[in-house]
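Q: A single structure is presented below for examination.
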Amino acid sequence: MISISHVSKSYGSFQVLKDCNAEVARGEVVVICGPSGSGKSTLIKTVNGLESIDAGEIKVGDFLLAPRVTHMAALRRSVGMVFQSFELFPHLSVLSNVTIAQTKVLKRPKAVAEEKARALLARVGLSAHIAKYPAQLSGGQQQRVAIARALALDPEVMLFDEPTSALDPEMVNEVLDVMTSLAKQGMTMICVTHEMGFARNVANRVLFMDGGEIVETAGAAKFFNAPASERAKAFLARILKH
Amino acid sequence: MSLLFETTPDGVGRYIDWIWSGLAWTLSLASGAWIIALVVGTLVGVARTLPGGIWPRLGRVYVETFRNIPLLVQMFFWYFVLPEILPARLGLAIKQMDPPWSGFVPALVCLGLVTAARIAEQVRAGVQALPTGQRAAASALGFGRGGMYRLILLPQAFRIILPTLTNEFMTIFKNTSVALTIGLVELTATAREINENTFRTFEAYGVVTLVYLVIALLAWSLMYWIERSVQLPSLVSGSARK
Amino acid sequence: MKVDLSAVASVAPFLLSGLLFTIQITVVGVAGGIVFGSLLAVARLSPNRLLSAFATAYINLMRSIPLIMVIFWVFFLVPWAIGWLVNHGRPVAVGASLTIYATFVLFEAAYYAEIVRAGFRSISTGQYAACEALGLSRFHAYVYILFPQAIRNVLPILLTQTIILFQDTSLVYVISATDLLGAATKIAQRDGSLVEMYLTVGVVYFLFCYAASQLVKWLQGRLAYGAR
């Protein structure tokens, strides 16, 4: 489904991604973890072209992404993305947030788009809030709207870039629950997250990154029980201490 | 540009001398009015931040009056109306002033007081932007109201509003051209006079436009330099030295 | 000196027609200025260096010279420009109101451009990324997502600039146009009623601008997102 091969990227003299290679099969859930500044956010953003790459190539379905490829409309349509800070459109209602890309990008009729939006908002448990504006919702509710917004384009892959990092602790689970049910329905997902419980229970595989490199790729159970690299061991020791 | 060095119809000089004279009037008017504006504007701005009583209200009346009537109408007020409604002898004395002073003095007062209203609003905003703890700290140290404003609040407020003051200076400089309506031959009027004498419109307006551009550039560089030299570490966000 | 108010009543219709022209200039200046200004703002933010340099130069030029100077320039240049377009280079006589409209659109656009640009800059970069991630074209992103937010963020400043524009229209006096101030001046010179006329227009301008500035204040209090 997705193959990342020999991808590198630098900001000036600082190399954020060093020869990254990874494969994600259809229906697979992959968690990318690692210390902050390890390049995981950058890597996930290269998958839908929000970050350009300097070398290597990325295949998403039939779409080939290489340095200097600029026409990415088709890619964006098949890859949904959820941001750390939600990035809902504050001047549009919840319903409009979920319909706007459907009507403008996919040219769906308004009625069809709204029906789809209502169904998705029901699925993330927000039927009661469709007429509200983003600022009237809690962070957890906003992030669920953002997930519905991304799903509205019927993506084949969903990218989550630290979807719970900006949330108050009591709201983390409502978002993780939505992500878990999405995974159970067979969505292909790549998630950058610090939620190790989610990684252990839901992910098929874990990519561990450090210093711009993919240091280790392993099944979730194996990664948490017996990490192969010293760096992963040190990371897990720090993060699972409490 | 040969126009500049041709002899004027009165035979006593060249057109470039007219430009110098126009520039001198523009600059004197701008700087004189700027001094009035700073002094009056600071006083009115401080009045608006006082905690109650008659002064804040008077300050508001001042600002609303001078801000909501066009500069040109106010110019006419000082030039045409005031001498008529003053006691006859005083009015006559004003009317008998010789040009260019007959135009310069009303323009100076008018421009100074109008700009003072705008500066007052900025001073008020600057003082109100300071943390309330600053007032408390100054009082706790035994400062009276005068010392508190002069030594503690205003020095900080002016640093905050310095960038917008730059804008005000540019505005006062450009607004001097309105004085041509009451007979002061400043820069813009000079362009018009040269045009009327030579019908070489492009050259006449072109040269004067260039003079305005050069002055604007100098004013920006000067203000930029002042901003840099009075900056305090971290008073204004982003100004901390790294 | 006695102020004679009956002098004002008898010429009210003429003053009113002047006020109407003042309002027309304002409306054309605001509409044209915001449209052209927004295009300039987008051009200035564009990755295309040439486009951005042109917009920057235009904006800085207009903001460096007095409006009266621009009024003179346009008054002189428009007949040439139109002549060059339609009359084989021979200048064409053009009505004063057309040149005045052109002046205010060209001049105010530079100021509106900077305000709109500040609006765009107040939007978080994440919004741009979200538009891209949803596959919205650049045009759609600007029209539906970015521009509405930008305008909303700077609405009070836009309105304040519009009050300034309204006051600036009085400067068409320098080419003897009959706006509110021009009408008052013509009557004042005919009847010798300088004091009455200038005080009257002063009050009229004040009422309009004061009301508008109170509206701005009210809007500022209401505009925070979610406070609907």
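Q: Pairs please, first residue from the stretch C:8-24 and surrounded by 13 or more Cβ atoms within 10 Å (Cβ to Cβ), second anywhere and polar (S, T, N, Q), Cβ atoms under 7 Å, 6+ apart in sequence or on different chains.
A: Qualifying pairs under 7 Å: C:V8/C:T200; C:G18/C:T178; C:F21/C:T178; C:T22/C:T169.
Q: I'd like the full set of residues that are at the interface with chain C (Cβ under 9 Å from one of its Cβ atoms) and either surrounded by fewer than 24 Cβ atoms within 10 Å (Cβ to Cβ) or without any contact (Cβ under 8 Å) to a residue 60 or more places away in the chain (or both), limited to the stretch B:177-187. Break it down into steps so the answer makes sense when it comes.
A: Step one: list which residues in the stretch B:177-187 are at the interface with chain C (Cβ under 9 Å from one of its Cβ atoms), which gives B:177-178, B:180-181, B:187.
B:L180, B:T181 - these are the residues of the stretch B:177-187 that are at the interface with chain C (Cβ under 9 Å from one of its Cβ atoms) and either surrounded by fewer than 24 Cβ atoms within 10 Å (Cβ to Cβ) or without any contact (Cβ under 8 Å) to a residue 60 or more places away in the chain (or both).
Q: How many of the residues making up the stretch A:197-223 are open to solvent by 20 Å² or more (accessible area, probe 1.4 Å) and more than 16 Å from A:V82 (Cβ to Cβ)? Even if it seems obvious, please write down each step before you answer.
A: Initial filter on the stretch A:197-223 (open to solvent by 20 Å² or more (accessible area, probe 1.4 Å)): A:197, A:200-202, A:204-205, A:210-211, A:213-215, A:217, A:219, A:221-222.
Add one more test, that the residue is more than 16 Å from A:V82 (Cβ to Cβ), and what stays is A:197, A:200-201, A:204-205, A:210-211, A:213-215, A:217, A:219, A:221-222.
The number of residues fulfilling the criteria is 14.
Q: Within the stretch B:35-51, can you find the residues that are farther than 19 Å from B:A125 by Cβ and open to solvent by less than 80 Å² (accessible area, probe 1.4 Å)? First the steps, then the outcome.
A: Kept after step one, since they are farther than 19 Å from B:A125 by Cβ, are these residues of the stretch B:35-51: B:35-36.
Within the stretch B:35-51, just B:I36 meets the criteria.
Q: Would you be able to tell me the number of residues in the stretch B:190-218 that are open to solvent by less than 60 Å² (accessible area, probe 1.4 Å) and more than 9 Å from chain C (Cβ to nearest Cβ)? So that I can check it myself, show each step before the final result.
A: Of the residues in the stretch B:190-218, the ones open to solvent by less than 60 Å² (accessible area, probe 1.4 Å) are B:190-191, B:194-195, B:198, B:201, B:203-209, B:211-213, B:215-216.
Filter once more, keeping what is more than 9 Å from chain C (Cβ to nearest Cβ): B:190, B:194, B:198, B:203-204, B:206-207, B:211.
Total meeting the criteria: 8.
Q: Can you go through A:G34, A:G61, A:G80, A:G39 and tell me which one is small (G, A, S), closer than 28 Å to A:E195 by Cβ and open to solvent by 20 Å² or more (accessible area, probe 1.4 Å)? Quick ask: steps written out before the conclusion?
A: Working: A:G34 fails: open to solvent by 20 Å² or more (accessible area, probe 1.4 Å); A:G80 fails: open to solvent by 20 Å² or more (accessible area, probe 1.4 Å); A:G39 fails: open to solvent by 20 Å² or more (accessible area, probe 1.4 Å).
Sole residue among the options that is small (G, A, S), closer than 28 Å to A:E195 by Cβ and open to solvent by 20 Å² or more (accessible area, probe 1.4 Å): A:G61.
Q: Can you list residue pairs whose Cβ atoms sit under 6 Å apart, with the first residue in the stretch B:195-213 being within 15 Å of B:R14 (Cα to Cα) and the second being β-branched (V, I, T)? Count only pairs 6 or more apart in sequence or on different chains.
A: Close Cβ pairs satisfying both conditions: B:N195/B:T201; B:A204/B:I194.
Q: Within the stretch A:38-57, how many residues turn out to be out of contact with any Asp or Glu (no Cβ under 9 Å at 6 or more places or on another chain) and farther than 21 Å from C:C131 by Cα?
A: Total satisfying the criteria: 2.
Q: When you check A:A122 against the structure, is it more than 11 Å from chain C (Cβ to nearest Cβ), surrounded by fewer than 21 Cβ atoms within 10 Å (Cβ to Cβ) and farther than 18 Å from C:L146 by Cβ, yes or no?
A: Details: more than 11 Å from chain C (Cβ to nearest Cβ): yes; surrounded by fewer than 21 Cβ atoms within 10 Å (Cβ to Cβ): yes; farther than 18 Å from C:L146 by Cβ: yes.
It is true that A:A122 is more than 11 Å from chain C (Cβ to nearest Cβ), surrounded by fewer than 21 Cβ atoms within 10 Å (Cβ to Cβ) and farther than 18 Å from C:L146 by Cβ.
Q: Give the residue that is nearest to A:D161 (Cα to Cα), with candidates limited to residues of the stretch C:118-168 that are open to solvent by 60 Å² or more (accessible area, probe 1.4 Å) and aromatic (F, W, Y).
A: Among residues in the stretch C:118-168 that are open to solvent by 60 Å² or more (accessible area, probe 1.4 Å) and aromatic (F, W, Y), the one nearest to A:D161 (Cα to Cα) is C:Y128.
Q: Scan the stretch C:171-214 residue by residue and report those that are in contact (Cβ under 8 Å) with a residue 24 or more places away in the chain, in a helix (DSSP H, G or I) and polar (S, T, N, Q).
A: C:T200, C:S213, listed by residue number.
Q: Wholly within the stretch A:146-242, which helices (runs of 4 or more DSSP H) include no fewer than the required count, namely at least 3 residues that are without any contact (Cβ under 8 Å) to a residue 24 or more places away in the chain?
A: Because the criterion is at least 3 residues that are without any contact (Cβ under 8 Å) to a residue 24 or more places away in the chain, the helices (runs of 4 or more DSSP H) in the stretch A:146-242 that meet it are A:169-184, A:220-225, A:230-239.
Q: I'd like the full set of residues that are within 9 Å of another protein chain (Cβ to nearest Cβ), more than 20 Å from C:G182 (Cβ to Cβ) and touching a residue at least 12 places away in the same chain (Cβ under 8 Å), limited to the stretch B:65-100.
A: B:T65, B:R67
Q: Report whether or not A:E156 is within 22 Å of C:A133 (Cα to Cα) and open to solvent by 50 Å² or more (accessible area, probe 1.4 Å).
A: Against the criterion (within 22 Å of C:A133 (Cα to Cα) and open to solvent by 50 Å² or more (accessible area, probe 1.4 Å)), A:E156 qualifies.
Q: Give me the helices (runs of 4 or more DSSP H) completely within the stretch C:54-166, filtered to those with at least 2 residues that are within 13 Å of chain A (Cβ to nearest Cβ), ordered by residue number. If you could, list the steps in order and put the result at the bottom.
A: Numbers: elements: C:67-86, C:96-121, C:125-133, C:147-153.
Fully inside the stretch C:54-166 and qualifying: C:125-133, C:147-153.
Q: With the condition kept exactly as written, say whether any residue in the stretch C:27-43 is open to solvent by 30 Å² or more (accessible area, probe 1.4 Å) and among the polar types (S, T, N, Q).
A: No - not one qualifying residue is present in the stretch C:27-43.
The values are calculated or read from the model by the stated rules, or taken from the named source; none is laboratory data. Values in this document were obtained by computation on a predicted structure and should not be read as measured data. Note that each Cβ is placed from the backbone with ideal geometry, even for glycine, and that neighbours are counted across all protein chains shown. Heavy atoms of the whole protein, side chains included, go into the accessibility calculation; ligands, DNA and RNA do not. Shrake-Rupley method; radii C 1.70, N 1.55, O 1.52, S 1.80 Å.
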